[in-house]
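K.L.:
Here it is, the structure, as structure tokens.
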Amino acid sequence: MQIGGHDIGVCSWSLQPTSMGDLVTQVKQLGLSHVQLALGPLVGLDQKQKLFELSRLRSSGLVLTGGMIAFPGEDYSTIDAIRRTGGFLPDDHWRQREQIVERAADIGAELGLKTITTHVGFVPPPAEPGYAVISSRVLAVTAMLARFGIDLLMETGQEPADELKAFLQDLSAPNIHINFDPANMILYGAGDPIPALRVLAGHVRHVHVKDAVASSEPGKQWGDEVPFGTGQVGPAAFLGALKEIGYTGPLAIEREAGSTRLDDVRKAIEVIENA
């Protein structure tokens, strides 16, 4: 499905599939053919089961917009908890997570993926010791992904757009870019997504369609994720800003809350069509 020149897809984890067959069925029920694929469930399989799941995916006709990897031990219960446990910064998880990314990249290369999205963790201010740590680890990951021909896409949300842009410029790695998620900017209290998109325009390679309402204490308490078109992102303004910056890539609908996700994705497609 294409709308406004964009391939419209869905994030596989939004549908909470029990298997690759279940994912294929749900995506086709939505009338879609594009998917951003969570690689974590495949990483944990034995070789026989992995080959079986990959064969089902290949025979489905689905087109992958990219991959995504999350990590065991990440705690999203509060913003403070994910600040401590997320991404590549925690020393006690770093080596394991580096290995997970490498296994995910191997699978991604088998599937012909060109990008893998992840939350690298909160980037400390440059004057803090953790800045050098996260910089070196992100560069190590991008160098490893480059061997597979894959780009690393950092998820937006943890940092204000100007800080994230400065971090990218400081790293100066050719295969690190942005997956722009407008709702994350609101959920984390990191700023208005529309100006943020303009700041990060030259780095955006993949986009999530997601919505949210800010908390009364932005940056301290989580905002609330809501169905696209019912929150503070503003579909018309968001899609207009994407056009303004010249983004023509895929739009992957992400829904990580609620018990009616399939219906919420359907409604998001309608909102995109009517924006």
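The values are calculated or read from the model by the stated rules, or taken from the named source; none is laboratory data. Being a predicted model, the structure only gives us computed values, none of them experimental. Because the Cβ atoms are built from the backbone with ideal geometry, glycine has one as well, and the counts that use them run over all protein chains shown.
K.L.:
Can you tell me which residue within the range 91-107, out of those that are under 17 Å from the mean Cα position of the chain (by Cα) and of a type in the set (A, V, I, L, M), is surrounded by the fewest Cβ atoms within 10 Å (Cβ to Cβ)?
P.N.:
Looking only at the range 91-107, we keep the residues that are under 17 Å from the mean Cα position of the chain (by Cα), and these are 97, 100-101, 104-105.
From what's left, of a type in the set (A, V, I, L, M): 100-101, 104-105.
Values: Ile100: 20, Val101: 24, Ala104: 24, Ala105: 25.
Ranking the candidates gives Ile100 first.
K.L.:
Could you grab me the full set of residues in the range 141-157 that are under 21 Å from Gly86 (Cα atoms) and either without any contact (Cβ under 8 Å) to a residue 60 or more places away in the chain or assigned to a helix (DSSP H, G or I) (or both)? Working first, answer last.
P.N.:
Applying the first criterion (under 21 Å from Gly86 (Cα atoms)) to the range 141-157 yields 141-145, 151-157.
Across the range 141-157, the qualifying residues are Val141, Thr142, Ala143, Met144, Leu145, Asp151, Leu152, Met154, Glu155, Thr156, Gly157.
K.L.:
Got a number for residues in the range 32-62 being among the aliphatic types (A, V, I, L, M) and free of Cβ contacts under 8 Å to residues at least 24 places away in the same chain?
P.N.:
Going through the range 32-62 one residue at a time, the tally reaches 2.
K.L.:
Sticking with this one: Which of (1) out of contact with any Lys or Arg (no Cβ under 7 Å at 6 or more places or on another chain); (2) surrounded by fewer than 24 Cβ atoms within 10 Å (Cβ to Cβ); (3) without any contact (Cβ under 8 Å) to a residue 60 or more places away in the chain is the odd one out, the single condition Leu200 does not satisfy?
P.N.:
Here Leu200 meets the rest and fails (1).
K.L.:
Also, I was wondering about something else. Please find, among Glu254, Glu270, Glu225, the residue that is modelled with pLDDT of 95 or more and surrounded by fewer than 15 Cβ atoms within 10 Å (Cβ to Cβ).
P.N.:
Sole residue among the options that is modelled with pLDDT of 95 or more and surrounded by fewer than 15 Cβ atoms within 10 Å (Cβ to Cβ): Glu270.
K.L.:
Another question about this same structure. Within the range 169-187, does at least one residue satisfy the condition of being closer than 26 Å to Pro218 by Cβ and surrounded by fewer than 20 Cβ atoms within 10 Å (Cβ to Cβ)?
P.N.:
Yes.
K.L.:
Test Asp75 against the criterion of being surrounded by fewer than 14 Cβ atoms within 10 Å (Cβ to Cβ) and either over 20 Å from the mean Cα position of the chain (by Cα) or assigned to a helix (DSSP H, G or I) (or both), and give yes or no. Full working, then the answer.
P.N.:
Numbers: surrounded by fewer than 14 Cβ atoms within 10 Å (Cβ to Cβ): yes; either over 20 Å from the mean Cα position of the chain (by Cα) or assigned to a helix (DSSP H, G or I) (or both): no.
When the stated conditions are applied, Asp75 does not pass them.
K.L.:
While we're looking at this one, here's another question. Yes or no: Val120 touching a residue at least 12 places away in the same chain (Cβ under 8 Å) and in a loop (DSSP other than H, G, I, E, B)? Let's see the steps before the verdict.
P.N.:
Details: touching a residue at least 12 places away in the same chain (Cβ under 8 Å): yes; in a loop (DSSP other than H, G, I, E, B): yes.
Taking the combined requirement at face value, the residue satisfies it.
K.L.:
Continuing with this model, one more query. Please enumerate the residues belonging to the range 123-140 that are part of a loop (DSSP other than H, G, I, E, B) and either touching a Ser or Thr at 6+ places or on another chain (Cβ under 8 Å) or surrounded by 14 or more Cβ atoms within 10 Å (Cβ to Cβ) (or both).
P.N.:
Val123, Pro124
K.L.:
Which of (1) surrounded by fewer than 17 Cβ atoms within 10 Å (Cβ to Cβ); (2) outside any helix (DSSP H, G or I) does Asp162 not meet, given it meets every other one?
P.N.:
(2)
K.L.:
Something else: Taking only the range 51-102 into account, find how many residues are closer than 28 Å to Gln26 by Cα and β-branched (Val, Ile, Thr).
P.N.:
5
K.L.:
Can you list the helices (runs of 4 or more DSSP H) lying wholly within the range 186-275 that have 1 or more residues being touching a strand residue (DSSP E or B) at 6+ places or on another chain (Cβ under 9 Å) and more than 15 Å from Gly9 (Cα to Cα)?
P.N.:
So the answer is 193-199, 235-244.
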